[in-house]
Number of protein chains: 2
Amino acid sequence: MDYYSDHIKTLIDELGRLPGVGYKSASRLAFHIVNMPQEGVDRLVDSIRNAKANVRYCKKCCTLTDDEYCPICKSPGRDASTVMVVENSRDLAAYEKTGEYHGLYHVLHGAISPALGIGPADIRLKELMQRLETEQISEVIIATNSSLEGETTAMYISKLIKPAGIKVSRIASGVPVGGDLEYIDEITLLRALEGRVEL
Amino acid sequence: MDYYSDHIKTLIDELGRLPGVGYKSASRLAFHIVNMPQEGVDRLVDSIRNAKANVRYCKKCCTLTDDEYCPICKSPGRDASTVMVVENSRDLAAYEKTGEYHGLYHVLHGAISPALGIGPADIRLKELMQRLETEQISEVIIATNSSLEGETTAMYISKLIKPAGIKVSRIASGVPVGGDLEYIDEITLLRALEGRVEL
């Protein structure tokens with residue numbers, strides 16, 4: 001592979017380490033970056049450095065933020081008695097975009113996965129339990145993904161919290177809005193049937 | 001959008017400017033970068049800075065390289081009488097991977113596109129003509145993409161070079177029309193090389 005210069009090769013290698021970026025995409029990005037104006041490269045590099053240096057975990061909900069507490073935990077307009085548990089900050093953002101959830105969040109930064117060796121101690125579960133002790137929380141909504149890991153995590157958290165007498169719920173699993181029944185997998189169809197609600 | 005911190009938002013914006021990176025991919029990359037170990041972030045940033053600062057055009061074939069001349073132009077084992085004209089360095093790499101082409105290259109860094117306002121003066125065509133005057137070149141193989149712009153460029157170069165009595169060929173069809181050289185399998189690339197026809 002001596003048809004690319006060393007610096008280009010190093011850049012392709014580094015870009016190729018990012019999730020979802022294969023060798024071809026990394027090459028395309030590398031040549032794009034080399035051809036970018038210097039100020040564009042500076043902005044890109046600065047944004048990476050600044051994010052890495054300044055972003056930290058919110059002391060309350062553990063989402064990634066610039067300050068000690070994130071904008072949601074700091075907001076006086078939120079319902080502090082409800083906490084939605086999500087796997088990561090992008091899932092939090094997905095629910096924020098609906099504009100209809102007004103409680104707080106708790107970000108686990110992962111899900112329990114025995115296959116990958118990720119146990120309850122490897123996610124932000126201890127922080128959630130501490131919040132349940134110190135804050136006035138009446139309901140915990142578990143919004144982990146509808147995957148094996150997400151379901152395992154939901155079951156685990158549910159068993160952990162229920163003895164404390166706090167209401168624990170799980171977001172509904174079923175047919176997505178606009179979804180076409182014939183293209184939906186059987187497990188989802190079964191879940192939708194089991195979770196049917198009276199009209 | 002105040003569910004993401006400012007530094008994360010800036011990073012997502014900058015990553016989203018890269019080709020083929022949409023908002024969702026940019027978010028995924030941004031959170032991955034923030035969660036990377038510091039040394040990984042340093043390596044990524046350094047590779048970007050180094051590539052931008054040190055990569056330049058080869059004085060002979062115009063490909064992107066670290067030194068005055070690229071490894072291929074410097075190699076004594078290459079057949080200096082044959083020059084393959086490609087649109088960019090990734091297309092050069094695609095032909096190098098076949099391991100069956102032993103001539104030199106000339107990288108245009110673009111293709112003639114009246115629609116995009118890219119004329120013959122905007123690609124490295126002047127440099128090619130200078131090479132034909134100073135070097136002992138007996139054949140020019142035009143390996144621009146099999147797109148409208150690539151074909152236009154091939155025709156233009158052919159008409160420009162032929163009066164000088166130099167053999168001009170075009171890689172054969174076999175490369176599917178509308179296809180992008182860098183994404184095509186090596187056997188197809190070889191067939192195209194073997195089946196080149198004189199223009």
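Results for (1) in contact with a Pro (Cβ under 9 Å, 6 or more places away or on another chain); (2) open to solvent by less than 70 Å² (accessible area, probe 1.4 Å); (3) modelled with pLDDT under 95, shown as yes or no for each residue.
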| position | (1), (2), (3) |
| --- | --- |
| B:LEU92 | no, yes, yes |
| B:TYR105 | no, yes, no |
| B:PRO114 | no, no, yes |
| B:GLY117 | no, yes, yes |
| B:ASP122 | no, no, yes |
Set B:ILE112, B:ILE166: member being within 21 Å of B:THR82 (Cβ to Cβ) and assigned by TED's automatic domain parsing to the domain that holds B:ARG90: B:ILE166
Meets criteria (open to solvent by 50 Å² or more (accessible area, probe 1.4 Å), more than 30 Å from A:ARG56 (Cα to Cα) and in contact with a Gly (Cβ under 6 Å, 6 or more places away or on another chain)) for B:ASP79: yes
Search result, residues across the stretch A:105-140 that are under 30 Å from A:GLY77 (Cβ atoms) and hydroxyl-bearing (Ser, Thr, Tyr): A:TYR105, A:THR134, A:SER138
Residue tally, condition closer than 24 Å to A:SER5 by Cα, more than 9 Å from chain B (Cβ to nearest Cβ), open to solvent by 60 Å² or more (accessible area, probe 1.4 Å) and not in a loop (DSSP other than H, G, I, E, B), over the stretch A:18-75: 2
Yes/no for B:LYS126 being closer than 26 Å to A:VAL34 by Cα, part of a loop (DSSP other than H, G, I, E, B) and either open to solvent by less than 20 Å² (accessible area, probe 1.4 Å) or modelled with pLDDT of 90 or more (or both): no
Qualifying residue in the stretch A:130-146 (condition: more than 11 Å from every other protein chain (Cβ to nearest Cβ), in contact with a strand residue (DSSP E or B) (Cβ under 6 Å, 6 or more places away or on another chain), assigned to a helix (DSSP H, G or I) and farther than 27 Å from B:VAL41 by Cβ): no
Members of the stretch B:76-112 that are more than 10 Å from chain A (Cβ to nearest Cβ) and within 18 Å of A:VAL34 (Cβ to Cβ): B:VAL86, B:GLU87, B:ASP91, B:VAL107, B:LEU108, B:GLY110
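The values are calculated or read from the model by the stated rules, or taken from the named source; none is laboratory data. Small disclaimer: the values here were computed from a predicted structure and weren't measured. In this analysis, Cβ positions are derived from the backbone assuming ideal geometry, glycine residues included, and neighbour counts consider all displayed protein chains. Ligands, DNA and RNA are stripped out before the accessible areas are found, and what is left, the full protein with its side chains, is counted by its heavy atoms. Shrake-Rupley method; radii C 1.70, N 1.55, O 1.52, S 1.80 Å.
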